[in-house]
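All remarks here apply to the structure that follows.
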Amino acid sequence: MPELIYPLDSNKSFIDQEKIGHNRWHPDIPAAATVKPGDSFRVHCREWFDGAIHNDDSADDIRDAPLSTVHVLSGPFAVEGAEPGDLLIVDILDIGPIPQEDSGPLAGQGWGYTGIFPTNNGGGFLTEQFPDAYKAIWDFRGQTATSRHIPGVSFTGIVHPGLMGTAPSAPLLAKWNRREGALRATDPERVPPLALPPEPSDAVLGTLTGPEFDRIAAEAARTAPPRENGGNQDIKNLTKGSRVFYPVFVPGAKLSVGDLHFSQGDGEITFCGAIEMGGFIDLHVDLIKGGMETYGVSENAIFMPGNTDPQYSEWLAFSGISVTLDGEQRYLDSHLSYQRACLHAIDYLTKFGYSPEQAYLLLGAAPIEGRLSGVVDIPNSCATVYLPTAIFDFNVQPSASGPVRINAGPGAPRSPMIS
Ligand code: ZN
């Protein structure tokens, strides 16, 4: 096992740990540890809500989830010799749930969760159709996930970090705040918001305190979006064996990681669509000096996905085009096309006995593939969503005899929105 450089005690909250991580992006957050090029090391990660979501049959914790506290990240880790303009090579050597024999109270200890976030607390890809909070608990047995809230399916996890990235430089951070602020200003009252401004309350910035903390908390960017530094990209294929090349914007690169997922479908559509968990990740780092210029990677990481994904060979796919549910024609709107493809898949699965929410949660969590199949055929783009047929323990294909009705149980727990 590589040296554990960032341990977490499951019985303590994020801010009471031996090493304190962070939940905002800023170049001046001090490094939690320093590594050298060529080093391999282990890092523990809290699940992104630091234990606020429980293994029970109520969705109240999703409805009331404290969004100002996320994402709790491990790091930053300084890499000796890294300078702006370099590419940081990060190999994911291994990744998994919290290594512990008994199941426990924290996601990652034998279980994880998927949430549909309500419109007034985060929302999601299909928030107009699904405004209320729902939750599904998933149990892990080895590599396999099953849920008492979504019977009739089991699948192999595609374990990956939802969030990993390097620290922004001060000018890059200022650029983020400018452009996201300008977007927000176009509709400041929108629910859910168009973008999240810096939020000092609940900010965790490593060991910083006092006036320095206040200055940085007022400037630091939220962790929700993916940006030039990587960040919350939610790429399900960043699994074991992946190699990522991150641009370096500050001395030491300051790599951070968190938001581990046991599995996720392309798009992570319910907002917290993945199976969220805490766990460990083993990383190896190295540098390509001056690599940003050499390879034209001035922003946004490039990567080589791992080859340990679950191998599904048969799929049932649904397509959607850029026409709204009200019949309005939109011009090559691939976001809308993917929404329509997902809604078609949800409608289909309800014919087998699932509630629409169970189907929506399943599309978020299972290793479904999403594709932009056509983006040029005016006026309709075509997006597709592929469901692996083998995850269902019944025949999910259309046939002349009609769909089998499964016993889908009481469904996923719901908590209506409070306005
Ligand atoms: Zn996540």
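The values are calculated or read from the model by the stated rules, or taken from the named source; none is laboratory data. None of the values given here were measured: they were computed from a predicted structure. Glycine also receives a Cβ, built like all others from the backbone with ideal geometry; neighbour counts cover every protein chain displayed.
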Could you look through region 267-291, keep only residues that are surrounded by fewer than 20 Cβ atoms within 10 Å (Cβ to Cβ) and at negative phi, and pick out the one that is nearest to the ligand (Cβ to nearest atom)? 282
Taking the conditions exactly as written (away from the ligand (no atom under 16 Å from the Cβ), modelled with pLDDT of 95 or more, in a loop (DSSP other than H, G, I, E, B) and more than 19 Å from residue 169 (Cα to Cα)), does residue 263 satisfy them or not? no
Pairs returned, first residue in region 49-61 that is under 19 Å from residue 224 (Cα atoms), second residue that is surrounded by fewer than 15 Cβ atoms within 10 Å (Cβ to Cβ), beta-carbon separation under 8 angstrom, 6 or more apart or interchain, are 49/66; 50/13; 51/13; 51/105; 52/66
Please give the number of the condition residue 312 fails out of (1) of a type in the set (Ser, Thr, Tyr); (2) in contact with a Ser or Thr (Cβ under 9 Å, 6 or more places away or on another chain); (3) closer than 25 Å to residue 192 by Cα; (4) surrounded by fewer than 20 Cβ atoms within 10 Å (Cβ to Cβ). (3)
Report yes if some residue within region 299-306 is under 19 Å from the mean Cα position of the chain (by Cα), in a loop (DSSP other than H, G, I, E, B), surrounded by fewer than 18 Cβ atoms within 10 Å (Cβ to Cβ) and more than 16 Å from the ligand (Cβ to nearest atom); otherwise report no. yes
Return the residue satisfying two criteria in turn: it lies in region 52-64 and is more than 16 Å from the chain's Cα centre (by Cα) and within 16 Å of the ligand (Cβ to nearest atom), and of such residues it is nearest to residue 221 (Cα to Cα). 52
What residue, of 220, 203, 185, 170, is within 18 Å of residue 256 (Cβ to Cβ) and surrounded by fewer than 18 Cβ atoms within 10 Å (Cβ to Cβ)? 170
May I ask you to say which residue of 327, 353 is in the same structural domain as residue 385 (by TED's automatic domain parsing), touching a residue at least 12 places away in the same chain (Cβ under 8 Å) and in a loop (DSSP other than H, G, I, E, B)? 353
Among the candidates 185, 203, 217, residue that is small (Gly, Ala, Ser), touching a helix residue (DSSP H, G or I) at 6+ places or on another chain (Cβ under 9 Å) and at pLDDT 95 or above: 203
Considering only region 155-194, state which residues are closer than 30 Å to residue 143 by Cα and among the aliphatic types (A, V, I, L, M). 158, 159, 163, 164
Residue pairs within 8 Å by beta carbon, gap of at least six or interchain, first lying in region 1-13 and within 14 Å of residue 72 (Cα to Cα), second β-branched (Val, Ile, Thr) and outside any loop (DSSP other than H, G, I, E, B), listed first then second, are 6/43
Specify which of the listed residues (110, 75) is away from the ligand (no atom under 16 Å from the Cβ), buried (at least 16 other Cβ atoms within 10 Å of the Cβ) and either closer than 21 Å to residue 361 by Cβ or outside the structural domain of residue 252 (by TED's automatic domain parsing) (or both). 110
